[in-house]
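No value in this document is a laboratory result; all are computed from the given coordinates. Just so it is clear, the model here is predicted, and its values are computed rather than measured.
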Amino acid sequence: MVTAGLIFAGLAAALHVYIFVLESLQWTAPRTRATFGTSQEEALATKELAFNQGFYNLFLAIVTAIGIVAIAIDEVPVGAALIFAGAGSMLAAALVLLVSSPDKARAAVTQGTASLVAVALLAFGLAL
């Protein structure tokens with residue numbers, strides 16, 4: 001169970017690195033604007049906000065990745081704490097998105113599924 005949890009945590013981290021790229025590096029690109037449903041004017045007006053938000057996603061991915069490495073080198077308590085903090089925050093953000101913007105349910109489910117599975121499997125695996 002722990003290994004499966006680590007795999008899903010890695011998937012969640014990878015997705016959040018991708019979100020970082022979209023928000024912080026490619027926010028005004030046509031494909032990114034299509035993904036987020038923004039016009040060129042909206043993208044330009046929100047570029048600084050998206051840049052900052054992208055880094056939040058990157059930092060959550062880094063925390064989660066460090067947690068995976070920590071568990072891999074048998075620093076289980078530290079690694080688990082980092083994964084629960086990183087992936088748990090990803091899950092919480094997905095829930096906030098779902099509750100605050102139900103029209104973005106697909107994005108919330110995409111963002112939250114791997115982190116939910118990671119947290120659940122890791123918690124279950126560590127409890128055994």
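Key figures
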| read-out | value |
| --- | --- |
| The chain - Rg over Rh from alpha carbon coordinates, Kirkwood radius | 1.04 |
| Difference of contour (0.36 nm per residue) and Cα-Cα distance, LEU128 to ALA4 | 43.2 nm |
| Highest-fluctuation residue, ALA93, ALA29, ALA12 considered, GNM on the chain with Cα pairs under 10 Å | ALA29 |
| Relative contact order (percent, whole number), the stretch 38-128, Cα cutoff 8 Å, 6+ residue spacing | 21 |
| 3J(HN,Hα) from dihedral phi, the stretch 15-27, Karplus parametrisation 6.51/-1.76/1.60, rounded to Hz, x for glycine, proline | 4, 6, 5, 4, 4, 4, 4, 4, 6, 9, 10, 10, 4 |
| Spread of Cα-to-Cα distances over 10 Å intervals beginning at zero, given as percent, for the stretch 61-113 | 29, 36, 24, 10, 0 |
| Per-residue HN-Hα couplings for the stretch 82-99 [Karplus 6.51, -1.76, 1.60; θ = phi - 60°; Hz; x = Gly/Pro] | 5, 5, 4, 5, x, 5, x, 5, 4, 5, 4, 4, 5, 5, 4, 4, 4, 6 |
